[in-house]
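Comments concern the structure below.
The values are calculated or read from the model by the stated rules, or taken from the named source; none is laboratory data. All of these numbers come straight from a predicted model, not from anything done at the bench. Here the Cβ is made from the backbone with ideal geometry for all residues, glycine too, and neighbour counts use every protein chain on show. To get the accessible areas, we keep the full protein, side chains included, count just its heavy atoms, and leave off ligands, DNA and RNA. Shrake-Rupley method; radii C 1.70, N 1.55, O 1.52, S 1.80 Å.
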Amino acid sequence: MQISQQQLDLVNDRIRALVEAGSFYGKKLAEAGITHVETPEDFTKLPFSEKKDLRDAYPLGLMTAPEEEIVRIHSSSGTTGTPVIIPYTAKDVDDWAIMFKRCYETAGITNMDRIQITPGYGLWTAGIGFQNGAEKLGAMVIPMGPGNTDKQLQMMQDMKSTVLCSTSSYALLLAEEIEKRGIKENIHLKKGVIGSERWSDKMRKHISESLGIELYDIYGLTEIYGPGIGINCEYNEGMHYWDDYLYIEVIDPKTGEPVPDGEMGEIVITTLVKEGAPLIRYRTHDLSRIIPGKCKCGRCYPRLDTIMGRTDDMMKIKGVNVFPSQIEEVLANFNEINSEYQIRISHLDGKDTMRIYVESTGDVDFDALSKRIAEKVKSRIGFTPIVKVVEVGVLPRSMKKTARVIDERFD
Ligand code: ZN
């Protein structure tokens, strides 16, 4: 989706602010001689921002507004190495709450709802983002934070919570506990707003059915405000995102070139009005695509598809970008096989070949099953793989998802 003139003007404001502040990116832009962009083509030539840069700017190198205007910092959970610190002005905090309020509204949540928030509070952006948005909406917040399932379920019943905000894994745990304790008739939940970690359709269906609630996927990352920059609507065909606050591009992660709308690639985000730490062309390494055309709900906000994984997982086969998660989702629909699989990609006689190994018990016709799986995979990714069904226990067990993909083309 090409950047609009209005968005370009906002980008120029941000470039000016960065350069004037002489912050980490301000210096980078100044060194590159960039003072403004005229056209959408100019914009696509702006350098990307990377997580590594953000770490290099530790602790407060990203700060672009004067200290007296900074009201808060958040930090992304650095599982490895230096964390990233993002400073927020009062306006940033408010803008974030406005976006989050829109998310709730898009999910049909109102000021008559009671919102139980289970993501964590603290340095990271989760709990407080859910809370500020809910307060902006005027709903009643039940700020639980994570853990303590007994207390969660007690409050959920006593307060008659109607909305659950959580990760998919915690929603699943609560659903199972509710079932186990036989307290479903005391639960008043109608909706779940679930954080953006990737989850399978099977899990979604399971949570939705066992709790009897509608589920909404919320998107966001600490570097760009936090959760609340996008959510799916009642039609559940991708997540609407707020293009008055953000400009989103999808690029080919290998070449850095923009891909046409509808095509899968890496999400790159530019903040249009952020003051504390504006980011230009930030590479998220999240994979998705822009869904072309207008949504059935009539909202004008553009849409991103569900996050399909991380760029590190992507494979390019026969010129098509393929992700293990796409294959995994297809396989999950076959009850005849278990969850183990292996993907082998090779290059023979000038052609790429993808072989998928799956495990099944001996009670099924292996040939017929592999044909059916191959057809389903083809309808998902666009070409036919070779599927081999093997006996249970044949494939190597590994905790690491990446070890399930073996690319023999570059050996
Ligand atoms: Zn919609």
Worksheet item: Percent of accessible area on the chain owned by carbon and sulfur, 1.4 Å probe?
Response: 51 percent
Response to the item:
In nm, the gap between the two label points placed 7 Å beyond Cα toward Cβ at I98 and T35 is 3.0 nm
Worksheet item: On full extension of the chain, what length is gained from R181 through Q2, given 0.36 nm per residue of separation minus the C-alpha to C-alpha distance?
Response: 59.2 nm
Discussion item. Can you say what percent of the DSSP beta bridges in segment 89-312, counting only those with both residues inside, are antiparallel? Round to 5.
Written reply: 60 percent
Worksheet entry | DSSP bridge pairs, the chain: antiparallel proportion in percent, nearest 5 | 60 percent
Worksheet entry | Cβ charges +1 (Lys, Arg) and -1 (Asp, Glu), total dipole of segment 1-155, debye | 480 debye
Practice prompt. Only Lys, Arg, Asp and Glu count, each charged at its Cβ (+1, +1, -1, -1), so figure out the dipole size of the chain about its Cα centre, rounded to 20 debye.
Written response: 560 debye
Worksheet entry | Difference of contour (0.36 nm per residue) and Cα-Cα distance, D312 to K27 | 99.7 nm
Discussion item. Just to confirm the filter: which GluC sites (Glu not before Pro) across segment 156-223 are DSSP coil and have at most 16 other Cβ within 10 angstrom of their Cβ?
Written reply: E197
Item to complete: Can you tell me the FRET efficiency between E257 and V392 if r is taken as the Cβ-Cβ distance and R0 is 45 Å, rounded to the nearest 0.05?
Response: 0.55
Worksheet item: Which helices, taking whole DSSP H runs in the chain, have alpha carbons extending 18 angstrom or more along the helix axis plus mean Kyte-Doolittle at least 1.6?
Response: none
Discussion item. Please compute the Kirkwood hydrodynamic radius over segment 149-244, one decimal place, Å, based on all pairs of different Cα atoms.
Written reply: 14.0 Å
Worksheet item: Looking at segment 270-405 from every direction and averaging, what is the projected area of its Cα convex hull in nm²?
Response: 12.1 nm²
Discussion item. Compute a Gaussian network model of the chain, connecting alpha carbons closer than 10 Å, and tell me which residue from L211, L137, L395 fluctuates the most.
Written reply: L395
Fill in: Rounded accessible area of Y121 (nearest 10 Å², 1.4 Å probe)
80 Å²
Fill in: the chain: most fluctuating residue of L60, L173, L348 per GNM, C-alpha cutoff 10 Å
L348
Worksheet item: In whole Å, what are the Cα extents of the chain along the three principal axes, biggest one first?
Response: 70, 61, 43
Item to complete: Pick out, in residue order, every one of the trypsin sites (Lys or Arg not before Pro) in segment 33-125 that is DSSP loop and has at most 11 other C-beta atoms within 10 Å; say none if there are none.
Response: K45
Discussion item. Cut-off 20 Å, label point 7 angstrom out along Cα-to-Cβ of K190: give me the residues of segment 103-128 whose amide nitrogen falls inside.
Written reply: 103-118
Worksheet item: Within segment 1-95, which GluC sites (Glu not before Pro) sit in a loop by DSSP and count at most 15 neighbouring Cβ atoms inside 10 Å?
Response: E38, E50
Item to complete: Provide the per residue accessible area, probe 1.4 Å, for the chain, rounded to a whole number of square angstrom.
Response: 46 Å²
Worksheet item: Tally Lys and Arg at +1 and Asp and Glu at -1 over the other residues with C-beta under 12 Å from the C-beta of T89: what net charge comes out?
Response: -4
Practice prompt. Taking each pair of different alpha-carbon atoms in segment 89-312 once, compute 1/r for the pair, average those values, and report the inverse of that mean as the Kirkwood hydrodynamic radius in Å to one decimal.
Written response: 17.8 Å
